């Protein structure tokens, strides 16, 4: 069975601070895919990244970076120099060969204060 | 280059009425997924469809809910005899042939049951 855990319900930081959002996953498959989505206050879901289980390279995109560690089943997301516009709920999600639909974590609400 | 379209964006129904939610996937996408987001919660998978076929409905409530994705036209999620607990945001996503690609999400339909 699949499971995604985002233990941090809510995080509040001050602008320009770095912040890391944790994601721990469970799956029995050796082939699986991990995703991060952002849900701003307007409510839509914005795709941020997809990783497959065979690619453990960390990725950086501007102020965003992702740390994928199979040994700890974690796929953490770091925002460097946070901005007020980063305030949103962030969801980590998983799919595998047994279940193509996404299994979402419960989300982490990030508040960036000016 | 239209993305996933959902309508209506907001829907108000009284208890006992029917709700019909429509989803037009990205042009060329043959896979459609429906997810439900209860207030202050993460997204939960409901059903996965390909054209004219239901592939996985393991997340659908057994009664009152049905979904279709006809050969022509949008995918429809139908909720019969709505109850207050059905109040939620319903998101549709579509993906191209390789279902582990990014799932493109629509803006959601917010259903309120009075």
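The numbers here are math on the coordinates, done by the rules we state, and not lab data. In this text, all values refer to a predicted model and were calculated from it rather than measured experimentally. Neighbour counts are summed over all protein chains in view; Cβ atoms, including those assigned to glycine, are modelled from backbone coordinates with ideal geometry.
Here are some notes:
- The mean number of Cβ atoms from other chains found within 10 Å of a Cβ in peptide B:41-48 is 6, as a whole number.
- Antiparallel %, DSSP beta bridges [both residues in chain A], to 5: 90 percent
- For chain A: rounded, prolate or oblate by the Cα gyration tensor [a/c cutoff 1.5]: prolate
- Each principal axis of the Cα cloud of the protein assembly as shown was taken in turn, and the coordinate range along them, longest first, works out to 48, 39, 35 Å.
- Proportion of all alpha-carbon pairs of region B:17-114 beyond 15 Å (%): 58 percent
- Top of A:35, A:54, A:75 by mean-square fluctuation, Gaussian network on chain A, Cα under 10 Å: A:54
- Within region A:63-114, the percentage of alpha carbon pairs spaced more than 19 angstrom apart rounds to 40%.
- Shielding of A:101-110 by partner chains, average beta-carbon count, 10 Å: 5
- Sorted largest first, extent of region B:10-68 alpha carbons per principal axis (Å): 35, 22, 20
- Estimated FRET transfer efficiency when R0 is 22 angstrom, pair residue A:15-residue B:41 (beta carbons, to 0.05): 0.20
- Residue order, fewest to most surrounding Cβ atoms within 10 angstrom, among A:96, B:56: B:56, A:96
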